Every structure is written in structure tokens, then in C-alpha cells.
Amino acid sequence: MSASLSHFFAYIARLRWIRRWGLMRNAIEENVATHSWEVATIAHALALIRNRHFHGQVNADRVAAAALYHDATEVITGDLPTPVKYHSSVMREAFGEIEHRAEDELLELLPPSLKDDFALYVKESQWTAEVKSLVKAADRLSAWLKCQAEISAGNKEFEPAAIQIRQRLDAEDLPEVRYFLEVFAPSYSQPLDHLLGD
């Protein structure tokens, strides 16, 4: 069986070159590929926490895969900072349309036999409400942890963002997020020697 050449993963690999938090001074640089991996691990954990502790029946693998691709379109659009994206309803609607078109463009790079499979993860419109909720929560947790790391590094520019993101997390009041914040988040600020038990 011969297959046509596909540029899909070559595009995805370029997420490592797209910087996040572009409008802010960063003590710790972050790219979209690293962020996507962190969101996927957190989203996977949130799904498992929901299943084990809060009577959920979520497909944690599907949540993780959706999270892994949640910012894939940024290889086409770049990382538009949240204050710009949500500046007005007109901006949000326009950028939403751009994201939908970017999803379609990415999927067009795949062999036809794989398009439907990847659409489940690349196109947010195909996520269930539960998957969307957990991926969004993981995305916010990742952003809040980034803010905490910047503040710990002496970068006060991230303090307002940390407050806003935490307020949003608290307002959504997801029990698995509370669990993650209580059980896992405190260790992020510990030095490696403490994590290793020394």
C-alpha cells in the first residue's frame, strides 16, 4: 500500500517554536508544545480523579488526547494572548472563526483515511461537554501554575493574571480541580531536593 505524503505532524512539531505569553515579560520561557503536554497530563489526571473520587465515568485517554491537540491550531494562528482574544465580542467571534478554519486546514493535511479519527481531537466542536470542561480546567490550571512559577522567580507582572485565573478556577468549582490544587499543586513550588525526599 502506497500512501501520499502528509505534512500534518511536521506542522504539529513546529508548536515548539511558538512562544506563549507574548505580551508579558517572562522569566521562564514557555512554548505551545510544552504547554500542550502539560495540559494533557493535567487533563488526564483530572479525568482519573473524577472517576476515582467523584463517581465519574470519563474516558481519560480521550480527554488526554483532546488536551494534547487543544492548541494545535496555533501552528497556523500563533498564540493570541487572552486579553486580545477576549477584548470584545467581535474579536472573540472573529478569532473563533479563524480557529475553526485552522482546524479544517490542519485536518486537510492528513490522509483521508485518518481525518475523521483526528477530527475527534483537533476540532473542539466534536468534544463532549465533559471533555471540553476538563480540558479547559486543565488549561487554566497550567496557566495558573505558570503564573505561580513566574511570581516565585520574582516576576510580579504575572500577579494579576494569577488572581484572575484562580478566581475563574474557584468559580467553576470542579471537585477534581480542588483535589488537584490540594494534592498536587503545592509540590510545584518545592525545590528538587525536597521532591526527592532529602
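The values are calculated or read from the model by the stated rules, or taken from the named source; none is laboratory data. No experiment lies behind these values; they were computed from the predicted model shown. Methodologically, a virtual Cβ is constructed for each residue, glycine included, from the backbone with ideal geometry; neighbour enumeration extends over all protein chains shown. Note: areas computed on protein heavy atoms with side chains; ligands, DNA, RNA excluded. Shrake-Rupley method; radii C 1.70, N 1.55, O 1.52, S 1.80 Å.
Filtered by the rule that a residue be within 19 Å of the chain's Cα centre (by Cα) and either open to solvent by 70 Å² or more (accessible area, probe 1.4 Å) or more than 26 Å from A129 (Cα to Cα) (or both), the stretch 173-198 gives D173, R178, F184, Y188.
Residues that are basic (K, R) and closer than 16 Å to E38 by Cα within the stretch 171-197 are absent altogether.
Filter the stretch 124-159 down to the residues that are under 16 Å from V63 (Cβ atoms) and not in a helix (DSSP H, G or I), then identify the one that is most open to solvent (accessible area, probe 1.4 Å). So, considering only residues that are under 16 Å from V63 (Cβ atoms) and not in a helix (DSSP H, G or I), the one most open to solvent (accessible area, probe 1.4 Å) is T128. Name the single residue that is nearest to L106 (Cα to Cα) among those in the stretch 5-25 being assigned to a loop (DSSP other than H, G, I, E, B) and open to solvent by 100 Å² or more (accessible area, probe 1.4 Å). By that ranking, first place goes to L5.
Yes/no per residue for (1) small (G, A, S); (2) touching a Pro at 6+ places or on another chain (Cβ under 6 Å); (3) crowded, with 18+ Cβ neighbours inside 10 Å; (4) part of a helix (DSSP H, G or I):
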position	(1), (2), (3), (4)
H35	no, no, yes, yes
I49	no, no, yes, yes
A64	yes, no, yes, yes
L80	no, no, no, no
R92	no, no, no, yes
F95	no, no, no, yes
H100	no, no, no, yes
